[in-house]
Amino acid sequence: MLRRLAAMLACLTLFAALPARADPSDIDAAARGVVRVIIVQKEGDQLVPVSHGTGFAVAPERVVTNSHVVEQAQQDPNLFIGIVPSDGGEAVYGRIVSVSSHNDLALIATTKPMRLPPLTISGNPSTESGAVVAVGYPQNVDRAQGLSMADLFRAQ
């Protein structure tokens, strides 16, 4: 009996040590809550992108991004925040609700309903390391891919 219990525990230990695998449908679902945050300047009738980064929905009309992404718009009243949803829907303007420069986080409210699907945030991160999938719009990657200014206003 003791040998069977030890064998069962050994099998459970093997399965527990396997890294978790993300289901592609989970990644697709999470990607729908990811947005491009664009800092724009108006020049006549044109919107000119100044910089951009990634954000993710924490509520249907609230987006979290890095504070460094919106820092210029926070300091310059001539710059505006645009939010481009990943599903190709209409881009809307956003306004800063709160900023924590220390944590490099900013909360943005949309100025029109977007009905973004919020991502789930866990307060209990896994202690095991494993593969990580990142979904977003880092500016340097977009530049390296040779995206045009017009591409920044479209879902990618």
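The values are calculated or read from the model by the stated rules, or taken from the named source; none is laboratory data. Predicted, not measured: the structure shown is a model, and the values here were computed from it. Here the Cβ positions follow ideal geometry from the backbone for every residue, glycine too, while neighbour counts run over all protein chains shown. Just the protein is used for accessible areas: all its heavy atoms, side chains included, with ligands, DNA and RNA removed. Shrake-Rupley method; radii C 1.70, N 1.55, O 1.52, S 1.80 Å.
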(request) For Ser86, state whether it is in contact (Cβ under 8 Å) with a residue 12 or more places away in the chain, among the hydroxyl-bearing types (Ser, Thr, Tyr), under 16 Å from Gly33 (Cβ atoms) and in contact with a helix residue (DSSP H, G or I) (Cβ under 7 Å, 6 or more places away or on another chain). (result) yes
(request) Assess whether Arg36 counts as being under 20 Å from Met114 (Cα atoms), charged (D, E, K, R), in a strand (DSSP E or B) and open to solvent by 40 Å² or more (accessible area, probe 1.4 Å). (result) no
(request) Looking only at the range 53-94, count how many residues are in a strand (DSSP E or B) and more than 21 Å from Pro117 (Cβ to Cβ). (result) 2
